[in-house]
1. Looking only at residues in region A:1-27 that are surrounded by 12 or more Cβ atoms within 10 Å (Cβ to Cβ) and not in a strand (DSSP E or B), which one is modelled with the lowest pLDDT?
2. Picking from A:30, A:97, which residue would you name as being within 22 Å of residue B:34 (Cα to Cα) and assigned to a loop (DSSP other than H, G, I, E, B)?
3. Which condition does residue A:54 not pass, out of (1) more than 12 Å from the chain's Cα centre (by Cα); (2) more than 10 Å from chain B (Cβ to nearest Cβ); (3) closer than 29 Å to residue B:30 by Cβ, if it passes all the others?
4. Residue by residue through region B:93-102, note down the ones that are closer than 16 Å to residue A:89 by Cβ and either within 8 Å of chain A (Cβ to nearest Cβ) or part of a loop (DSSP other than H, G, I, E, B) (or both).
5. Which residue is surrounded by the most Cβ atoms within 10 Å (Cβ to Cβ), if the candidates are limited to region A:80-99 and must be closer than 30 Å to residue B:49 by Cα and modelled with pLDDT of 90 or more?
6. Kindly indicate whether any position in region B:74-91 is in contact (Cβ under 8 Å) with a residue 12 or more places away in the chain, surrounded by fewer than 22 Cβ atoms within 10 Å (Cβ to Cβ), under 16 Å from the mean Cα position of the chain (by Cα) and more than 17 Å from residue B:61 (Cα to Cα).
7. Just for region A:34-46: of the residues that are part of a strand (DSSP E or B) and facing chain B (nearest Cβ under 10 Å), which one is farthest from residue B:5 (Cα to Cα)?
8. Looking only at region A:24-82, how many residues end up being more than 18 Å from residue A:101 (Cα to Cα) and in contact (Cβ under 8 Å) with a residue 60 or more places away in the chain?
């Protein structure tokens, strides 16, 4: 069946460091892929998305490229800030258009 | 717009009690859903609705009921609470199913003792 696997957290970085959070998926066909972010005490909100192979989603300095050959959608940011501390979720939309979620990766940025 | 609102924010129940978690959205979205979030497991879909009068089961529906009498409201009922239902519950809505962005409420933290 469809599934999403994310790197385990927490990921702890210093401010201005480079960030990568790995996400790989298993799915039939070519699902749309998403990154959502959950700030402390809040609900999730869409960070970026990609709907077809080789698409790059970007927002707030974050980027992720839909890689069909490696079934991956890794999240990257060149220089993180303390305000980026949150839990990041990778997800895919299956053939019934329901979202399948990864377990989430907690990111901690230290000043 | 208030977006997606949920009440209550926190709730403690005893085993066997019933209650309703409220969810409302003011964006005229057709699609609404309920998730539970447990540590290390991401989000799991409980029930969803593609429009008023239409509901369907998600991945973990047992022990929960929903109804959708209006476009705006999508309450989640716990019939007889069990400790296994201790979780954080999120309601979400989107314009349609699929590629559209889902908008989440702030969540309800439920503890069943």
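1. A:8
2. None of the others qualify; the one that does is A:97.
3. The one condition residue A:54 does not meet is (3).
4. Across region B:93-102, the qualifying residues are B:101, B:102.
5. Out of the qualifying residues, it is A:90.
6. Checking region B:74-91: not a single residue is in contact (Cβ under 8 Å) with a residue 12 or more places away in the chain, surrounded by fewer than 22 Cβ atoms within 10 Å (Cβ to Cβ), under 16 Å from the mean Cα position of the chain (by Cα) and more than 17 Å from residue B:61 (Cα to Cα).
7. Among residues in region A:34-46 that are part of a strand (DSSP E or B) and facing chain B (nearest Cβ under 10 Å), the one farthest from residue B:5 (Cα to Cα) is A:34.
8. Here the count works out to 5.
The values are calculated or read from the model by the stated rules, or taken from the named source; none is laboratory data. Keep in mind that this is a model prediction, so the values were computed, not measured. In this analysis, Cβ positions are derived from the backbone assuming ideal geometry, glycine residues included, and neighbour counts consider all displayed protein chains.
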